[in-house]
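Colleague: Attaching a single structure in structure tokens format; questions to follow.
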Amino acid sequence: MKMNLLAWGAAALLCSSMAQAQAPAAPPPADTEGLSKGEAKAIREFKMLDFNGDGKLSRTEVKLFPRLANAFDEADTDHDGFVSYAEVRAFAAKYRAERDRAKQQAPAAPAPAASAP
């Protein structure tokens, strides 16, 4: 579920007039050399969703991804109506930590009984 990073991160959109007055968001890095496969994929997918190339995702841009759209408000930590790449990364890290914690707390499945020969 490495790409849940993008899925959760891409859940942001539609700029408000306040957002337009702010400095533009820093776009994801153009060079993916030296990054993990997951990070490089996240950057590619973020750029794919960023239809207008402004370095941030609007609600409109993530409409095709209901999972992302549903998490938009949580991922949009500065409440500017957009999700930046940094917000996507932060949200993905939080999501992974919660998922890992849930896995650790889940009861282990009982081992299958050995059958007699």
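Colleague: Is one or more of the residues making up region 28-47 in contact with a strand residue (DSSP E or B) (Cβ under 9 Å, 6 or more places away or on another chain) and modelled with pLDDT under 60?
Modeller: So far as region 28-47 goes, no, none of its residues is in contact with a strand residue (DSSP E or B) (Cβ under 9 Å, 6 or more places away or on another chain) and modelled with pLDDT under 60.
Colleague: Can you tell which of Glu74, Glu87 is part of a helix (DSSP H, G or I), of a type in the set (Asp, Glu) and surrounded by fewer than 22 Cβ atoms within 10 Å (Cβ to Cβ)?
Modeller: Step by step, each of Glu74, Glu87 is checked, and only Glu74 is part of a helix (DSSP H, G or I), of a type in the set (Asp, Glu) and surrounded by fewer than 22 Cβ atoms within 10 Å (Cβ to Cβ).
The values are calculated or read from the model by the stated rules, or taken from the named source; none is laboratory data. Every value quoted in this text rests on a predicted model; they were computed, and no experiment measured them. Note that each Cβ is placed from the backbone with ideal geometry, even for glycine, and that neighbours are counted across all protein chains shown.
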